[in-house]
Structure formats: structure tokens, C-alpha cells
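K.L.:
Can you read through this structure? Questions will come right after.
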Amino acid sequence: MAQKIVRSNNSEQTVKKAAETAPKTQQTIKPAAPEKGSSVGYRIGAVVLWVLALACEVFCILILTNALYVTNKLLFLIIGIVADMIFAIIAAQLWKKANRIKPMSKKNKFLFYLWSEMGVIMAAICFIPLIVLLLRNKDLDKKTKLLATIVAVVALLITGVASADFDPISAEEKNEAEAVITDDVYWTTFGRKYHIDQDCQAITNSSTLYEGTVTEAIEAGRTSLCTFCARRHPEIDTTDLKVEEALDRAEELTPVPAE
């Protein structure tokens, strides 16, 4: 089965299966303009969208307090909640992208995780006050109150999960990865790891691979080195890479042979 390698800058090259990989000279590479982006631009975009999300929440609150009169409260509440969710989720994705382009230092772990999970924090701010107000509102009819509350709670859960950064990378970890891994790496459509070897057992069954620098892999959301590749390349110092913790756990789970 042919395995397609896609350059991170949208170039494509078709190669043979991992075990029968063709030399670089036999690969067809279609050049394309590299992606451009600034962490500042992404952060500004995130802030603007969070402001719009908060505006949607205020819109819903005005309806609940009768400061804004509408004929169909349930319909407009649902519209406001869904718009709130959409703006908050997109904002969080932009914020996470900015964090991968220019991550924060991990010297202060509390501030680091606070900064990394800004999307979750904003999700709470964009929905919890509204949910509390819905639950305490005595003027709404039971049907409107129940349905609007359910929609708001579900929106909060979806936004929270979509906004969470389950594998944030620090400035120190990114700098170290860029320093010790100078060759191109590979990653798949899904997953959070990048791979040094194209024939790594973790990606041999993937029909499409993305190829690029470790910086591009991190910016694509692949923030840690594959443990299999790390073990195959003992010459690479993984002390300050995210893979180190995974290697430690793997060693703990590996049974010790009987003497």
C-alpha cells in the first residue's frame, strides 16, 4: 500500500510503504508557499472572539432580566447560547495555536497552566453566570427554563472539552526540541506526537503522513516526541523534552526479567 507524505507547507509527495521507503531523490515533491502566522495575531483574534462570546452571554442575560424584550424567549436564548459556544470554541483554538507558536515559560507552573487553559477559564466565564441566572429565574415558564438550562449546560461542557489543552508545551520544551532535533519529523492526521522515523511502528499503518520541522509539528499540535522513536535514538538527549515523563512511565511498566 502506498503511503502519502504531505509536507507541512501543503506540498505532497508519494512514497512507498514504510518498510520499502524510496530514496529522497525518487520522491515527487510539489512546492507550496509555507504557512505564515504570528502568535500576536492569533491572540488578538482570540480576544476579539471571546468579547463576542461574552456579548452573546450578555444578550441572553438581558432577555432573562426582561431588559430586552423578545416575543420568543426560548428561541433567542438558544440562538445566543449557540453563538456564545461557537465564538468561545474558535477563540480557544486560536489561543492554543498562539501558545504553540510562542509558548509560555514553565518556571511558574501555576501561571503556565493558567495561561495554557485560558480557553477553559473563558468557557466558564461565558456560561456559568448565565446558567446560574437561569436556575434562579422564577419568571420563566418551566419548559423554557428547562430547555434553555439544558442547552446552556451542554454548550458549557462542549466548549470546555474543545477548549482544553490536554498536552501544553512550554517555552523550554519547545526550545530544547528545536535544538536537539534538526531533521524533519513526521506526524499523522490525528494524535499528539511527532516521529523521527517514517517507519516508526506507531505510524506504519497511517495512509497519510505530514512531514516538516519539529517547529511545524509543534505548531500543528504535536507537542511531544514518540516514545518508540526516542528509544530508537538514544543519541538524542530527551532530558528536557516532553517525552521524558512518558519514557519514565514506560520503564516503570516494563517487567524486569528474572535473573
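Values in this text are rule-based calculations from the coordinates and carry no lab data. Because the structure is predicted, anything quoted here is derived from the model rather than measured. Cβ atoms come from the backbone with ideal geometry, glycine included; neighbour counts cover every protein chain shown.
K.L.:
With a 10 Å Cβ neighbour count serving as the proxy for reagent exposure, in which order, fewest first, do I86, I81 appear? Write out the running numbers ahead of the final one.
P.N.:
Numbers: I86 16, I81 27.
Listed from fewest to most nearby Cβ atoms, that is I86, I81.
K.L.:
Continuing with this model, one more query. Need one word for the range 156-222: rounded, prolate or oblate. Basis is the Cα gyration tensor (sqrt eigenvalues a ≥ b ≥ c); a/c below 1.5 gives rounded, then a/b vs b/c decides.
P.N.:
Oblate, because a/c is 1.5 or more while a/b does not exceed b/c.
K.L.:
For A171, project a label point 7 Å along Cα to C-beta. Then give me every residue of the range 99-114 with its amide nitrogen under 12 Å of that point.
P.N.:
102-108, 112
K.L.:
Can you tally the lysine pairs in the range 81-207 where the Cα-Cα distance is under 28 Å and the two residues are eight or more apart, or on different chains?
P.N.:
Qualifying lysine pairs in the range 81-207: 19.
K.L.:
Quickly work out the V47-to-Y113 label distance, labels modelled 7 Å from Cα along the C-beta direction, and quote it in nm with one decimal.
P.N.:
2.6 nm
K.L.:
To make sure I understand, if each residue's beta carbon is the centre and we count other beta carbons within 10 Å, what order do S105, S207, S170, S163 fall in, fewest to most?
P.N.:
Fewest to most other Cβ atoms nearby, the residues stand as S207, S105, S170, S163.
K.L.:
In addition: Can you sort D165, D84 from fewest to most other Cβ atoms within 10 Å of each residue's own Cβ?
P.N.:
D165, D84
K.L.:
Still on this structure, I have one more. Would you kindly state how much longer the chain becomes between T239 and V132 on full extension, computed as 0.36 nm times their sequence separation minus their alpha carbon distance, in nm to one decimal?
P.N.:
Length gained between T239 and V132: 33.9 nm.
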